[in-house]
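What follows is a short report on a single structure.
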Amino acid sequence: MKKRPLVFAAIAIILILAANLPLAWGYFSTYTEAKGGVRLQPRETDTEIKEDVSDWTKRVVISNTGEEALYIRARAFAGSEYKLTYTTGGNWTAGNDGFYYYNDILKPGQETPELLVKIENPPENPVEGQEFNVVVVYESTPVRYDEAGNPYADWDRKLKARERSAE
């Protein structure tokens with residue numbers, strides 16, 4: 001007989017819970033739809049680098065293969081024992097941060113003029129199997145416009161940073 005009140009209490013609790021189940025189910029199954037949108041990712045930007053090496057000089061050309069106009073900058077690195085010198089033409093300019101900036105806007109399908117990077121003090125008699133590596137790092141950023149409609153490069157907003165080496 002002592003079990004009867006426990007059974008009735010359990011049945012009462014189950015009935016109370018069952019009566020509130022549609023409310024709880026509604027809480028977990030409610031959803032809302034939103035219309036409109038915000039573009040979170042920039043348009044497709046892509047670049048390609050072409051490097052050719054001869055006579056201790058690396059010739060670098062960067063192409064815009066994407067869909068958006070870009071600004072480009074490049075920098076080369078070699079071992080600390082080698083000094084690199086740049087020969088620029090076609091609107092490449094040295095920056096204070098070690099990068100060389102292509103000053104024109106690089107439109108889709110266009111490529112930069114050559115940027116020549118030369119090892120100034122190559123060994124006179126290199127040992128067979130000795131490697132000399134000049135690594136070119138370049139970056140691109142989409143063209144931005146100020147309030148007056150003037151184009152500018154925002155280098156704090158990097159989309160792509162590529163590194164490639166050729167021996």
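Summary of values
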item: Hydrodynamic radius by Kirkwood, which averages 1/r over all alpha carbon pairs of the stretch 47-166, in angstrom; result: 15.3 Å
item: Contour excess over end-to-end distance, with Cα ends at ARG4 and ARG144 and 0.36 nm allotted per residue; result: 42.5 nm
item: In Hz, Karplus ³J(HN,Hα) per residue of the stretch 100-106 (6.51, -1.76, 1.60; θ = phi - 60°; x = Gly, Pro); result: 10, 9, 8, 6, 7, 7, 9
item: Karplus (6.51, -1.76, 1.60) ³J(HN,Hα), θ = phi - 60°, over the stretch 64-74, in Hz, Gly and Pro reported as x; result: 9, 9, x, 10, 10, 5, 10, 10, 10, 9, 9
item: Per-peptide average of other Cβ atoms within 10 Å, ordering 84-96, 61-73, 114-126 highest first; result: 61-73, 114-126, 84-96
item: Cut-off under 5 Å, modelled amide H: who pairs with GLN110 long-range; result: ASN64
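A short reminder: the numbers here are calculations on the coordinates, not readings from a lab. Treat the numbers as computed from the prediction; the structure is a model and nothing was measured. Heads up, the Cβs are rebuilt from the backbone with ideal geometry, glycines too, and the neighbour counts pull from every protein chain shown.
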